[in-house]
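Got a structure here, written out as structure tokens. Questions coming.
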Amino acid sequence: MQATISKLHVYPVKSMQGIEVSEITCWETGVEFDREWVVIDDKNLFVTQRQLPKLAAITVTLSSEHLILSHPDHEPLSIPLSRDHLNESDIITFTIWKDQAQGINEGDIASQWLKEVLGAYRGGNLRLLRFSLDYRRAVHEKYSTHPTAHLKFADACPYLIVNSASLEALNAVLRDNQHEPVTLDRFRGNIEVESETPWVEYQGNTIEINDVTLKGVGPCMRCPMIGMDQETGEVIEPGQPFKTLMEMPIPSDKDGAYFGMHASFLSGNGKRIKIGDTINLVTSK
């Protein structure tokens, strides 16, 4: 089975806006700069749009030298991409789901900016952490049988593939039931594909894109966050499209609200893929 890459996205800061790009570099830990930063609270717990929907209103851009966070009501925050400003000893261990992960604190200026934009969170401050290069966060064994699979701050796997034909299948059901259709950015995929077949992304367990090979490890279980507008954090229609996904029959052996394909890395470290490239979905034994 084949599909074509139609869009590519990188999400540098977990749960903030993504960046649409024409090509990406693929690494063992995912797309370059993807989920490399995360926001945590003063109890060392990760924070996402589930807790702070206003994270969706923060625009993220990458220049050649800086990560830039912007909000219409505040001056932008500029953070060097070089790690020279970081204190490598200022490592914080925090909880992301059931994992323990490590990040390097981006400092008081970043923390103050988050407070100004988002307000105090549960009576405390927020901090921005960058992934520590000395830390290895393994992909959970239920998502990958590959012993060396690892990732940065993504929830489960370093790559997520979504299909516009699957979105159309979902939107057809939403419209039939007088619900609002949704856009593909709700599902925050790295690799968006076009195909003639809904759910084709589930049809292969090996994913070949030029010199890059990924391992398809199963559909992505969604949460109610897919009901949020990804530019404002506003819930457009409570319960949707989550409830509709829960009820839709899709070609998977799993029950639940699934959309998109989790993938871990097999080969092609440092290789690039671009819009228009063909994806080969191979079922291997």
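GNM, the chain, Cα, under 10 Å: largest mean-square fluctuation among Arg83, Arg50, Arg272?
Sorting by GNM fluctuation, first place goes to Arg83.
Using label points projected 7 Å from each Cα along Cα→Cβ, tell me how many nm separate Glu23 and His140, to one decimal.
With each label placed 7 Å out from Cα toward Cβ, I get 3.6 nm.
Here's another thing I want to ask about it. Could you tell me, in Å, what Rg and Dmax come out for the Cα atoms of the range 1-93?
14.9, 48
To continue, here is another question. Please give me, ordered by residue number, the trypsin sites (Lys or Arg not before Pro) of the range 92-198 that lie in loop per DSSP and have at most 10 other Cβ atoms within 10 Å.
Lys98, Lys142
Using a Gaussian network for the chain with springs between C-alpha atoms less than 10 Å apart, which of these wobbles most: Gly227, Gly107, Gly30?
With Cα springs under 10 Å in the chain, the top fluctuation among Gly227, Gly107, Gly30 is at Gly107.
Which lysines, if any, have their Cα less than 19 Å from the Cα of Lys274, not counting same-chain residues under 8 positions apart?
Once the sequence-local lysines are set aside, what remains near Lys274 is Lys7, Lys215.
Could you tell me the distance between the Cα centroids of the range 79-130 and the range 148-199, to the nearest Å?
29
Suppose each label sits 7 Å from its Cα in the direction of the beta carbon; what would the Asp108-Leu133 distance come out to in nanometres?
Spacing of the two 7 Å Cα→Cβ label points: 2.7 nm.
Give me the one-decimal nm value for the distance between modelled label points at Ile91 and Ile236, 7 Å along each residue's Cα-to-Cβ direction.
For Ile91 paired with Ile236, the spin-label model returns 4.2 nm.
Residues of the range 8-117: accessible area per residue at 1.4 Å, in Å²?
45
Moving on to the next point. Excluding same-chain residues fewer than 8 positions from Lys98, which lysines have a Cα within less than 22 Å of its Cα?
Lys14, Lys43, Lys142, Lys152, Lys254
Then there's this: Please give the helix 164-176 orientation as an angle from the longest Cα principal axis of the chain, in degrees from 0 to 90, rounded to the nearest 10.
Between the helix axis and the principal axis of the chain, the angle is about 80 degrees.
Now for a different question. Please return the longest range in the chain lying between exposed loop sites, taking GluC sites (Glu not before Pro), DSSP loop only, at most 15 other beta-carbon atoms within 10 Å, and leaving the sites out.
Maximal segment without exposed cleavage sites: 1-64.
Now for a separate question. At a 1.4 Å probe, what is the % contribution of carbon and sulfur to the accessible area of the chain?
48
The values are calculated or read from the model by the stated rules, or taken from the named source; none is laboratory data. Computed from a prediction, not measured in an experiment: that's the story for all the values here. Methodologically, a virtual Cβ is constructed for each residue, glycine included, from the backbone with ideal geometry; neighbour enumeration extends over all protein chains shown. SASA here: full protein model, heavy atoms, side chains in, ligands and nucleic acids out. Shrake-Rupley method; radii C 1.70, N 1.55, O 1.52, S 1.80 Å.
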